[in-house]
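The values are calculated or read from the model by the stated rules, or taken from the named source; none is laboratory data. Everything numeric in this text was worked out from a predicted model, so none of it was measured. Note that we place each Cβ from the backbone using ideal geometry, even for glycine, and neighbour counts take in every protein chain shown.
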Amino acid sequence: MTWIALRVTPDSNRDGVIAALFASGSQGVQEDGATVVTHFPSDAPIADIRSAVMRADPSAAIAVSESPDMDYSEWQASVSAHEIGNLVIAPPWLAAGYAPEKVIVVDPAMAFGTGEHPTTRGVLRLMQGVVRPGDVVADLGAGSAILSIAAARLGAARVAAVELDHDSIGNAQQNVGVNGESDKVEVIEGDATIILPLLAPVRVVLANIISSVLLEMLVLIRDALTADGQAILSGILIEEREAMLAAVQRCGLSVQREDTEDVWWSVQIARP
């Protein structure tokens, strides 16, 4: 069978783009740096799929090409587990090889945000030195809720997984249920700028969102933290690091740790 390959580079709504691809019939995606790659049968309505992507992110770049003999069993075999500190992100067919208390099960054929992207891994690395047993955590732009589930695995008592994109909510709820964390993680649909003040005070804020939104939210994040609270920010390009550091300083926050992978930078900040 001949397949059509779509390579989409989102501009401002990565989760929305991937949700649109799944809603259009994609059976799985790969994240190649900033680009999302997926495949459709040759008779798929590519024009309609392109339109769905553009509705999610009007400035996304889309490249379409033929990809002969695409075999999804080969794609499945190419998916690996990600061991990140004491946590593991694994597809269902590999999860049994790990201790249940450290593994987060995510089906990459059903989810967006599977540990494949450096921004997700950056937050996961940093949060393992931050989240403590009994913490209250807010995960902003939660997407597939991987970070929320990770916070629960690390001992958080309550986690609010806040997501604006309606198409992400069902997937996040499914992931929380599959991983047995429904008693700790609540998925909330809505605007984080409105919801975060209602959740305050929280000891940990996780925010894997584009840098322009993070800049707008820094004061809200600061004001939502407890006196000993900390936040982890990601979705920031290395070239944006200096601007973010300056904004963090203006807000009276201090940098605790940094993480860099590929072209992406993540940072842990706290009240001084």
- Task: Select from the stretch 229-266 the residues that are in contact (Cβ under 8 Å) with a residue 60 or more places away in the chain and either in a loop (DSSP other than H, G, I, E, B) or outside the structural domain of VAL130 (by TED's automatic domain parsing) (or both) and write down the one among them that is surrounded by the fewest Cβ atoms within 10 Å (Cβ to Cβ).
- Result: VAL263
- Query: Of (1) under 23 Å from ARG14 (Cα atoms); (2) more than 16 Å from the chain's Cα centre (by Cα), ASN179 satisfies all except one. Which?
  - Reply: (1)
- Failed item, numbered, when LEU206 is tested on (1) surrounded by 18 or more Cβ atoms within 10 Å (Cβ to Cβ); (2) modelled with pLDDT under 95: (2)
- Query: Does MET127 satisfy the condition of being modelled with pLDDT of 95 or more and either within 18 Å of GLY85 (Cβ to Cβ) or surrounded by fewer than 18 Cβ atoms within 10 Å (Cβ to Cβ) (or both)?
  - Reply: yes
- Across the stretch 242-272, the tally of residues that are touching a strand residue (DSSP E or B) at 6+ places or on another chain (Cβ under 9 Å), charged (D, E, K, R) and modelled with pLDDT under 95 stands at 1
- Query: If SER144 passes every condition in (1) over 18 Å from the mean Cα position of the chain (by Cα); (2) hydroxyl-bearing (Ser, Thr, Tyr); (3) modelled with pLDDT under 90 but one, which one does it miss?
  - Reply: (1)
- Report, ordered by the first and then the second residue, all pairs with beta carbons closer than 8 Å, sequence separation of six or more or different chains, a first member in the stretch 148-169 that is at positive phi and part of a loop (DSSP other than H, G, I, E, B), and a second member that is at pLDDT 95 or above and not basic (Lys, Arg). GLY155/VAL131; GLY155/PRO133; GLY155/GLY134; GLY155/ASP135
